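First the structure, in the form of structure tokens, and then the observations on it.
What follows is calculated from the coordinates using simple rules that are stated; it is not laboratory data. Just so it is clear, the model here is predicted, and its values are computed rather than measured. Cβ coordinates were reconstructed from backbone atoms using ideal geometry, including for glycine residues, and neighbour counts include every protein chain displayed.
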Amino acid sequence: MRAALPVLLQTAYLNTGTAGPYPVPVTTAITRALGRELTLGRASPRGLPDFPPLLVETRGRLASWLGAAPEEMALVGSTTIGVNIVVWGLDWQSGDEVVTTSIEHRGVLAPLRGLAARRGVTVRVADVGNGASALGAVQAQLTGRTRLVALSHVSFSTGACLPIRAIADAAHGVGARVLVDGAQAVGAMSVDVGSLDVDYYAFPGQKWLCGPEGTGGLFVREKRQAALAATFVGARSGQEHAAGYEYSTLFRPGIHGLHAALTWLDGVGREVVFARTAALADYCYGRLSEVAGVEMLTPGSARAGLVHVRVPGLDLEACVASFIEHGVTLRSVPETGSLRISCAFFNTEAEVDRLVDLLARALAAAR
């Protein structure tokens, strides 16, 4: 499996939360699709007949990763596009409110701010700390005017896995719908939208699914589709069910790449992926907890594949640059002043050990 990820020969790649590494089958599928369009022509009838079936199959594969029906899945270009489809597709009225949290990505916050500015909807932000207190904080913000709760399954900025089912129950109790940003969850952990009882769930293809940029999915529960208008419409909007939210041309080689990524992951085995990701995150959390001067930001009992730490006294960007030079790739998160380690199924304990050693040496040098 690691042999299919050539980047691992160059670095300990601990940045899947930004973009997963390309497996060879993905780049092969993209290159083949591009090559065919190069030689046959992008609009050649000889090059296009197999694409509509590929769209159907890819939707179905994405739906299966969420425990959803294929009719509830739309292919979208990113998590943010999926969020926008929901935010602008609801019939907002004067006095309506949205509840979100203090640890959300700009892909959620920016559409909500736009909604507040253009439609006068009130956005209420629940201060959830690192995410451990999310349920009570969100419940405290719910009112009879709450129409939507929009939040992450796993926070990009703290790594906390939020109690989505409990929050959904509370939201539905006041008549609100629930939109989940699943960017740091799908492909890293088991997701079942039926058990979570959420109404909308958006996620990307390029992170934990190891597909290309410009791909992703939006789940819209079947019984919610009639009330969610398509804001952007075009040649493809006449499709039935959730596919009707796909309104314009898709990058065909990208869909080939996403399909190849899903096929490759299924070959590895989803349960293997989820179990190994959880085990590596546990190992990473334990090792970093032992380093003097490291503050753990991610809740110890509620996380997926992300582990965030604060390291007072260190320049985070300088750390990231230095670690890359020493064969470890990760990122910092300015919003929470943390280093973020993405523990994916293809990583090893030895790679985590290398990171821990580098961080311990950097802290020792700064004293």
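Seen from a random direction on average, the alpha-carbon convex hull of segment 222-356 projects onto 12.2 square nanometres. Other residues lying with their Cβ under 12 Å from the Cβ of H308 contribute a combined charge of +2, Lys and Arg counting +1, Asp and Glu -1. On the basis of the beta-carbon distance and an R0 of 45 Å, D50 and E335 show a calculated FRET efficiency of 0.55.
When the chain is fully extended, how far beyond the present Cα-Cα distance does A226 get from S195, taking 0.36 nm per residue of separation? Full extension from A226 to S195 adds 9.0 nm. Extension gain, E349 to V233, is 37.0 nm, computed as 0.36 nm per intervening residue step minus the present C-alpha separation. Between T28 and A292, the modelled label-to-label distance comes to 5.1 nm, taking each label 7 Å out from Cα in the direction of the beta carbon.
Using the Stokes-Einstein relation with a Kirkwood hydrodynamic radius computed over Cα pairs, the translational diffusion coefficient of the chain at 25 °C and a viscosity of 0.890 mPa s comes to 115 µm²/s. Per residue, the average separation of C-alpha pairs within less than 8 Å and at least 6 apart gives segment 27-266 a relative contact order of 25 percent. Give the calculated FRET efficiency between E213 and E240 to the nearest 0.05, with a Förster radius of 30 Å applied to their Cβ-Cβ distance. It comes out at approximately 0.60. Summing Lys and Arg as +1 and Asp and Glu as -1 over all other residues whose Cβ lies under 15 Å from the Cβ of I81 gives a net charge of 0.
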